[in-house]
Structure formats: structure tokens, C-alpha cells
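Every number here is computed from the coordinates shown, using simple stated rules; none is lab data. Remember, predicted model here, so these are calculated numbers, not experimental data. So basically every Cβ, Gly included, is an ideal-geometry build from the backbone, and we count neighbours across all protein chains shown.
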Amino acid sequence: MFIELSAFDLSLAAILVLALGMLSGYMRLGITKQLYIAAARTTLQLLLIGLVLKTLFASSSIAFIMLIASIMISVAGWEILSRQQRKLKGWWGFGISTGSLFVSSFLITLLCLSVVIQADPWYSPQYAIPLLGMLLGNTMTGIALGMDRLIQNAWQQRPVIEQRLMLGQTADEAVADIRREAMRAGMIPIINSMAAAGLVSLPGMMTGQILAGAAPVEAVKYQILIMFMISSGTGLGVISVLWLISKRLFDERERLCFKRLLKENH
Amino acid sequence: MNSFSIENLQFLHCGPIDLQLKATEIIGLSGASGSGKSRLLRALADLDEHKGIIQLDNINQQTIAAHLWRQKVALLSAETSWWFDTVAEHFTKQESAENLTALGFAGDSLHWSVARMSSGEKQRLGLLRLLQNKPDVLLLDEPTANLDKHNTCLFENYVMDYLRNQSACAIWVSHDHEQLQKISQREYKIEDGILINVY
């Protein structure tokens, strides 16, 4: 039933990417190098994780699983940071993004493993690692978007924020609108994919399970579970990021404190 | 209020600055561009970092929450910002027709879209918006720079009436010495970071 892919099958798909790169090079669209690097990274990283998962599934040592999980979270935190046009100075940026990923992905995965799926043991790597990975991948996008929107808008709307402070509003009131907009920016991708699921798109995990021979209805149940986890995780993650960053944007006298930001990064 | 006092105020390269204001008093403030006039007002409203003791009656600036202080010591900046679609949304309370007329507006001006306001209209409506907090100290940063003679006159009278009725005081920044002589009891000039008494 399950058709295995050969190296030849994959190289056929790689030819498509290669052709796209050449076309964009010919048209001077300037994406060729990034595309090739990303394609090479995805091949290498996925092959590596394939090997890691193989040993991981065989070992089922909790320390090893936690090590892999913390590496995944730190890398995701780093990726969030490198998507920001303006960053907080020092370790604040990394600390806030990683911290919120911990809340949004790690804790939600734990909850799901122990209460919903009830895997035995709860840290069974076959469940824990793919679930965590899927959550991280999605919440990462939401958090990066929300964070970027908050800081950029605060920067651009400085006169409005200061005007609101002059009118005697609290720092919280003065950024309330900007925070609401940032929350929206962070949540739109997952809300869209929940709304389009099944009608426009068949989500990746569900498709994977069906390709691997699982009954469609069983695959659907898992997908619904994942969607709910991702949306609540993203929401929690974005909320904690917005809360922490808006605290950091003001000092104890409710003044805007842009000296805590690094210069713009293009 | 009875007194607003500034003691040993220092910010950036400016200071030390000492100043006392009584109820209903207006102090005029002038100085070259970049001399620190706006910075001084921002420090008094606690919008910029500064050192020194600033007191309203017996309340020390640093002992109450910053937003409460700014409701009492209110800054009207040289350019006001408007972020909602209509003027009325920026007002927390209903503004009386009487106040609007006194500043030269017709009754419907609160329903204007903010996009159609001229800079002079923004300054006058900005004053009304700020006074809704009933501040004890007004910090006015070149408030009539964009107003014609008639509206300047309305603005000045409106502020002076307010100060009398609320027994509040004001620091008025302007480049127009004639104006300052007309409305203020004392005038100071900022030069090399310190206040020099003009009259």
C-alpha cells in the first residue's frame, strides 16, 4: 500500500527547484541563491532529523528527548528574532521569544500528551517530537508576525503614543490599539488555515497519515486536535510576547523607551 | 492649585533650572530653536528623563503615577496627533457648544473627519481635548504658531479664562515677544541651558 520514494524520485522534484532558480536568475529576480540555500538546508536538516528520530525512537530516554526538544525551541526562538526588523537590545529579544515558545508549544504539547492522547509513557518520542515540531513551526510564525508588528507600529506611531500619554492615558491604554493590531497579525495565519481546512487545503499531517495508509477519519481527528493546539498555542504565545514587549517599551515612569531597541535591520 | 515649583531641574545639557509659579500666573518662555524649550516642557510632564524636584502644591512628581501627573500637568505639544477617524472620538466627555464657540468653532466641528483639520484647528481642538482633564498646570509649546490674529486672540482669552476659573497656571513657549508681553507676568529666555529673566 505505502509506496517508498527512491533517490531518483526526489531528484526529479529537485530538477523543478533547479529550473525555477535558473528562470529567476535569467529574469534577474534575485532569489536564486536564497532558494538554493534553503533547498539544500531543507534536504540536509530533514535527512539529519530522520537519522536522529531513528535513534530517538529506539532509545526513548527522557533526557535525550528533552535535549532535542530544547534544541528545537532555541532554534525556533532564534528564527523569530531574525525575522524582526527592530529587535530588543541584549538577551531580551531571545529571552522573550524563547520564553513564549516554551509557553505556547512546550506546555501545550505536554498537556496534550498527558491528558488528551495519554501516550504511554507520556514522553513517547513517536508522539512528543512530531507534535512539538508541528506546534513550534506554526506558533513561531504567529509570534514572529505579532512581535514585528508591535515593535514596528510602536516605532512608527511614536507621536500618537506620546500624545496619548500627554492626555494622561496609562502606558497600557496608549498602546492598546497597536497591541490589538499585532494580535490580529499574529493570529490571522492560523485562523485562515482553520477556516480553509478541508475546503481549500488538506493539511500536511493529515495528508501524510492518509498517504501512510491510515483511515481518513482517524487522520482527520488528529488534524482537528493539532489545529486546536496550534491556535491556542499561537494565541497564548502571541499574548505573552505582546505583554512582555509592551512592558519593555515603557520605563517605570510610563515613558516610551526606544533606546532599548536596536537599529533597524534590513 | 497654589504653587508649582521647579527646583534644580537638569536634563541633557540643560540646567540647573529653578522656577516658581502661582495660581493664574502665566510665564513666557522664549529661546532659539534647539535651546531646550520643548525639552523643558517634556521634563515637566515627565515624558523625558530628568533630575531635580518638581512639585505641584505638596505633591512630588515622582511620588504619583506618571499618567496621573500628566493629567494634572498637561502638555500641549507644538503638533498634536489625532488617531481616530473623527474629532469627537478623541474627547472622553461631551464638549459644550459654549466652549467650541469661544474658540471659534461651529457646533458640528466635533463630527469632522480628522483628515480635514488644518494645523490651526488641530491646535485649538487639541487645547479643548487637553483641558477635559482639568489640569492645574498648562505647558503650551508654541500653541498659536499656526493661528491667524483673530484665532490667536480667541486662544489667549480662552486660556486666561481657564486659568482664572480653575486657578491653574501656565508656561507659554513662544517666539513672539509682543504676545508674551501681553499675556505673561514674567518672561524667561533659555540660553546655554539656563533661564535668564527678561522681565
Förster-model FRET efficiency, 35 Å R0, A:F94 and A:A13, C-beta, rounded to 0.05: 0.50
Quick one: what does P(r) look like for region B:65-199 with 10 Å bins over all Cα pairs, in whole %? 11, 42, 35, 10, 2
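For a quick check: sort B:I171, A:I143 by the number of other beta carbons within 10 angstrom, fewest at the front. Write down the numbers at each step before the final one.
On the way: B:I171 26, A:I143 32.
The order, fewest Cβ neighbours first, is B:I171, A:I143.
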Cβ neighbours within 10 Å, averaged per peptide: list B:58-66, A:164-172, A:179-187 in order, most packed at the top. A:164-172, A:179-187, B:58-66
With label points built 7 Å along Cα→Cβ from the Cα atoms of A:S232 and B:F91, find their separation and express it in nm. 4.7 nm
Reference-scaled alpha-carbon Rg (2.2 N^0.38 Å with N residues) for chain A: 1.16
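Quick check: convex hull over the Cα atoms of region B:102-153, volume per residue in Å³, rounded to an integer? All intermediate terms of the calculation are to be shown ahead of the outcome.
On the way: hull volume 5.1 nm³, N = 52.
That works out to 98 Å³ per residue.
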If I stretch the segment between B:K149 and B:K134 completely, what's the gain in nm (0.36 nm per residue apart, minus their alpha carbon distance), one decimal? 2.8 nm
Diffing region B:102-109: the Karplus 3J(HN,Hα) column from phi (6.51, -1.76, 1.60, θ = phi - 60°), in whole Hz with x for Gly and Pro, holds 4, 9, x, 10, 7, x, 8, 5
Would you mind listing how long region A:144-183 runs along its three principal axes, going by Cα atoms, in whole Å with the largest first? 31, 16, 10
Helix-only estimate, please: 222 nm mean residue ellipticity of chain B, summing -39500 (n - 2.57) across DSSP H runs of length 4 or more and dividing by its residues, to the nearest 500. -8500 deg cm²/dmol
Could you work out which residue, out of A:S201, A:S97, A:S24, moves most in a Gaussian network model of chain A, that is, has the largest mean-square fluctuation with Cα springs under 10 Å? A:S24
Within region A:216-236, backbone nitrogen closer than 12 Å to the virtual label 7 Å beyond the Cα of A:L202 toward Cβ: A:216-217, A:219-220
Cα centroid distance between region B:103-171 and region A:152-214, in Å? 38 Å
Report, ordered by chain and residue number, the aspartates and glutamates lying within cross-link reach of B:K51, taken as a straight Cα distance under 17 Å and ignoring same-chain residues fewer than 8 apart. A:D251, A:E252, A:E254, B:E7, B:D18
Just rank B:H50, B:H150, fewest to most, by other beta-carbon atoms within 10 angstrom. B:H150, B:H50
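Per DSSP helix of 4 or more residues, -39500 (n - 2.57); summed, then divided by the residues of chain A. What does that give at 222 nm, rounded to the nearest 500? Can you show the working numbers first?
On the way: 10 runs with 192 residues, N = 266.
Counting only the DSSP helices, I get -24500 deg cm²/dmol.
Which of the residue pairs B:K72/B:K122; A:K259/B:K134; A:K33/A:K89; B:K37/B:K72; B:K37/B:K122 have a Cα-Cα distance greater than 24 Å in the structure shown? Walk me through the numbers before you get to the answer.
Details: B:K72/B:K122 21 Å; A:K259/B:K134 32 Å; A:K33/A:K89 30 Å; B:K37/B:K72 20 Å; B:K37/B:K122 21 Å.
Check vs 24 Å cut-off fails for A:K259/B:K134; A:K33/A:K89.
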Spacing of the two label points (7 Å from each Cα toward its C-beta) at B:L12 and A:K259, in nm: 1.3 nm
When B:M160, A:M72 are ranked with the fewest other C-beta atoms within 10 Å first, the list becomes B:M160, A:M72
Please give the direction-averaged projected area of the C-alpha convex hull for the protein assembly as shown, in square nanometres with one decimal. 30.3 nm²
Cα centroid separation - region A:76-116 against region A:7-54, whole Å: 27 Å
At R0 = 60 Å, FRET efficiency that the Cβ-Cβ distance of B:E98 and A:A58 yields, to 0.05: 0.10
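Can you figure out the FRET efficiency of A:L67 with B:A32, using R₀ = 60 Å and their beta-carbon distance, to the nearest 0.05?
Details: r = 63 Å, r/R0 = 1.06.
Here the calculated transfer efficiency is 0.40.
Share of antiparallel DSSP beta bridges in the protein assembly as shown, in percent to the nearest 5? Provide the component values of the computation, followed by the final result.
Numbers: 20 of 38 bridges.
Taking every DSSP beta bridge within the protein assembly as shown, about 55 percent pair in antiparallel fashion.
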